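To keep things clear, I will list the structure first and then write my remarks on it.
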Amino acid sequence: KGWTGGGNGGLNFTPVAPSTEDALRIPDGYSSSVVARWGDPVLPDAPAFDFDNQTAEAQAKQFGYNCDYVTLLPLGRDRALLWVNHEYTDESLMFRGYTGGATATEEQIKIALAAHGGSVVEIERAGNTGQWKLVTKGRRRYNRRITAQTPMRFTGPAAGSDLLKTAADPEGRNPVGMLNNCSGGTTPWGTVLTAEENIDQYFVNGDKVPEAQKPYIARYTITTGTPAGNRRFDRVEERFDLAKHPNEANRFGWIVEIDPFDPDSTPIKRTALGRLKHEAANTTLSRDNHLVVYMGDDSRFEYIYKFVSKNRYIPGFDRHNRTLLDEGTLYVAKFTGDSPAAEIDGTGKLPSDGAFDGSGEWLPLVSGDKSYVEGMTAAEVLVYTRVAADRVKGGATKMDRPEDMERNPVTGGVYVALTNNTNRTAAQVDEANPRPSNKHGHVLELVEKGNDAGQRTFAWSLPLVCGDPADPATYFAGYDKSKVSPISCPDNVTFDRDGNLWISTDGNALGSNDGLFVMPVRGKERGHLRQFLTVPVGAETCGPLVSEDQRSVFVAVQHPGEIDGASPDQPASRWPDGDQPRPAVAVVWHAKNKKIGS
Ligand code: FEO
Ligand code: CA
Ligand code: CA
Ligand code: CA
């Protein structure tokens, strides 16, 4: 496929201005509606949502809280399966008078367990437009809720390892539930990969594990003691108490594969992809058809990873393809700048060669049963991947919070959202992370050798150094900064069929709400970033997804109203229904049914 975006990437809409309104603001000429919100029925027998009388039984059949990754699996032109991650719960907005896990009712804790995970829902096109709606009648055979209590299994080299065994699962092969599923990816065979991210916050007594395990608990910042903010899942399920079940923490932090077309399938935690605070798991094929998965570890000073399958993807050979994620090599990225270190002076000024750029290398960590890290077994590398990346020879590069990472299907460039890192000091800047106290983040572009995702080396550059365009320490790929939208804290990325880069934000440090942006990555318009929408007060923008037919943009509006001190009695947002805020997936389309971006 060639570059089809034309000079301006087909983008002609007038950008929306930064906003602090409690509304989803979209460009003139566009319409929007809510597809699915917290509490909407997923299973056909789900009761109607009742904010003041919630039950765990109802929640387990209803759309979960805080939607993040969104993907669409077509069932035809006008019908599709929508997969949505439910990353985490905000009990102080879900329950009146909530004062923490220690005093929560057991029912509230069980509601929270059921509001995590993900949903599969059937959706249908509304008329001949880009609008999509939940199917609310009939059998809905694919509709499914996956929660923190759904039985799962481990596969791959670490399955059955001693590090994964617990009293409830002496084989170390049958974990229960998934937590903090942030971003994800979709496989060429139509399954969903969902990434367990901040799993540290669900446990108690991380300081009461065996002495030898303590450094690993610390490296994954797992909760010690029983802090006031903890959800206290241990009060209803003992496994969350690490004093009693120290290995339970090792059973979270994985990439989970889910088959949305088989509602009876068991979700699979794929150990070959390592254990991190996983953000994303976007797939592509190498030139010779090996499956490649790109992954970020979203914390300050963490690393970027990729997995390359040992065997080749064979179109249509489903049984074979479903083994690809169990055997392969896990790599971590090393970035080397090409400008003298003295020119990376921390002001954000471009070095004399005119770019933050350089070369890089994927350093192997583990391949099947073979560890490349001295002193660590293959199973240890996979369960304690952060430690392996710290120790690997050659020196992996500590990045400014690597979030989503995805390969442009048109150009082959791989884009990484580096959301921010306010802890980086002037002494710690490098060409790939050039700003100290990086409040606004940047976007990294990586082009692998021969534009082949299977290669071990690459060139890289920073097309965006985010912030207020009037700030000299920002960069928009050399484009006229008087014509671009301000952007802060890039989080998720996606592409439309023209190869334009769409970027959503979380944590806008410029004082207005988060939003969704788009820019061409090639030609004269490279760097011409425009804001496409803004989300309500307190929300971050997740998803995002442009449909294959380019008639619809889906966004997950996560945690509307999540402002310090907000509560059901004093909500900071009333989106989407003028009542209590409810995290929701929305769809935006052109009112005259034109291509998105027109
Ligand atoms: Fe859940 Fe890194 O965002
Ligand atoms: Ca340079
Ligand atoms: Ca994210
Ligand atoms: Ca993405």
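The values are calculated or read from the model by the stated rules, or taken from the named source; none is laboratory data. Keep in mind it's a predicted model, so treat the numbers as computed, not measured. Neighbour counts run over all protein chains shown; Cβ positions are idealised from the backbone, glycine included.
Structure values in brief
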quantity	calculated
Candidate set: region 268-312, residues that are touching a strand residue (DSSP E or B) at 6+ places or on another chain (Cβ under 6 Å), among the aliphatic types (A, V, I, L, M) and farther than 27 Å from GLN149 by Cα; chosen: the one nearest to ligand 1 (Cβ to nearest atom)	ILE304
For GLY597: the one exception among (1) within 16 Å of ligand 3 (Cβ to nearest atom); (2) surrounded by 22 or more Cβ atoms within 10 Å (Cβ to Cβ)	(1)
Any hit, region 528-535, residues being in a loop (DSSP other than H, G, I, E, B) and buried (at least 23 other Cβ atoms within 10 Å of the Cβ)	yes
Qualifying residue in region 558-570 (condition: farther than 21 Å from ASN500 by Cα and within 16 Å of ligand 4 (Cβ to nearest atom))	yes
Residue list for region 149-179, filter: buried (at least 16 other Cβ atoms within 10 Å of the Cβ), within 23 Å of the chain's Cα centre (by Cα) and closer than 30 Å to SER367 by Cα	THR150, MET152, PHE154, THR155, GLY156, PRO175, VAL176, GLY177, MET178, LEU179
Selection from region 178-195 of residues that are within 14 Å of ligand 1 (Cβ to nearest atom) and out of contact with any Leu (no Cβ under 6 Å at 6 or more places or on another chain)	MET178, LEU179, ASN180, ASN181, CYS182, SER183, THR194, ALA195
Positions within region 363-387 being farther than 29 Å from SER437 by Cβ and assigned to a strand (DSSP E or B), in sequence order	PRO364, LEU365, VAL366, SER367, LYS370, SER371
Of the criteria (1) assigned to a loop (DSSP other than H, G, I, E, B); (2) at pLDDT 95 or above, which one PRO227 fails	(2)
Test: residue in region 125-142 that is closer than 25 Å to ASN174 by Cα and more than 16 Å from ligand 3 (Cβ to nearest atom)	yes
All positions within region 192-207 that are part of a loop (DSSP other than H, G, I, E, B), more than 15 Å from the chain's Cα centre (by Cα) and buried (at least 24 other Cβ atoms within 10 Å of the Cβ)	PHE203
Residue that is nearest to LYS449 (Cα to Cα), among those in region 334-360 that are within 11 Å of ligand 2 (Cβ to nearest atom) and of a type in the set (S, T, N, Q)	SER359
First in region 388-406 and touching a residue at least 40 places away in the same chain (Cβ under 8 Å) and assigned to a loop (DSSP other than H, G, I, E, B), second anywhere and acidic (Asp, Glu) and within 11 Å of ligand 3 (Cβ to nearest atom), Cβ under 9 Å, 6 or more apart	ARG401/GLU279; ARG401/ASP298
Qualifying positions in region 88-107 - crowded, with 20+ Cβ neighbours inside 10 Å and among the aromatic types (Phe, Trp, Tyr)	TYR88, PHE95
Residue that is farthest from ligand 4 (Cβ to nearest atom), among those in region 308-356 that are among the acidic types (Asp, Glu) and either modelled with pLDDT of 95 or more or surrounded by 15 or more Cβ atoms within 10 Å (Cβ to Cβ) (or both)	GLU343
Unmet criterion (only one of (1) free of Cβ contacts under 8 Å to residues at least 40 places away in the same chain; (2) of a type in the set (A, V, I, L, M, F, W, C); (3) on the phi > 0 side of the Ramachandran plot) for CYS466	(3)
Region 284-305 - residue that is buried (at least 24 other Cβ atoms within 10 Å of the Cβ) and of a type in the set (Ser, Thr, Tyr) and, of those, farthest from ligand 4 (Cβ to nearest atom)	TYR303
Single match in GLY578, GLY561, GLY538, GLY523 (criterion: part of a loop (DSSP other than H, G, I, E, B), under 29 Å from LEU444 (Cβ atoms) and modelled with pLDDT of 95 or more)	GLY538
ASP297 vs. criteria among the charged types (D, E, K, R) and more than 16 Å from ligand 3 (Cβ to nearest atom)	no
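Let's see how each residue does on (1) closer than 24 Å to LYS110 by Cα; (2) within 16 Å of ligand 3 (Cβ to nearest atom); (3) crowded, with 18+ Cβ neighbours inside 10 Å; (4) among the aromatic types (Phe, Trp, Tyr):
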| position | (1), (2), (3), (4) |
| --- | --- |
| PHE240 | yes, no, yes, yes |
| ALA243 | yes, no, no, no |
| ALA272 | no, no, yes, no |
| ASN282 | no, yes, yes, no |
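Residues are listed down the side, and each one gets a yes or a no for (1) within 16 Å of ligand 1 (Cβ to nearest atom); (2) part of a loop (DSSP other than H, G, I, E, B):
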| position | (1), (2) |
| --- | --- |
| SER461 | no, no |
| LEU464 | no, no |
| PRO472 | no, yes |
| THR494 | yes, no |
| ASP498 | no, yes |
| TRP502 | no, no |
| GLY507 | yes, yes |
| GLY511 | no, yes |
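Matching residues to (1) farther than 21 Å from VAL293 by Cβ; (2) of a type outside the set (Ser, Thr, Tyr); (3) buried (at least 24 other Cβ atoms within 10 Å of the Cβ); (4) modelled with pLDDT under 95:
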residue: VAL392; (1), (2), (3), (4): no, yes, no, no
residue: ARG401; (1), (2), (3), (4): no, yes, yes, no
residue: THR419; (1), (2), (3), (4): no, no, yes, no
residue: THR422; (1), (2), (3), (4): yes, no, no, no
residue: ASP430; (1), (2), (3), (4): yes, yes, no, no
residue: SER437; (1), (2), (3), (4): yes, no, no, no
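Per-residue answers, yes or no, for (1) within 16 Å of ligand 4 (Cβ to nearest atom); (2) touching a strand residue (DSSP E or B) at 6+ places or on another chain (Cβ under 8 Å); (3) free of Cβ contacts under 8 Å to residues at least 12 places away in the same chain:
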| position | (1), (2), (3) |
| --- | --- |
| SER119 | no, yes, no |
| ASN128 | no, no, no |
| ARG153 | no, yes, no |
| GLY160 | no, yes, no |
| LYS165 | no, no, no |
| GLU171 | no, no, yes |
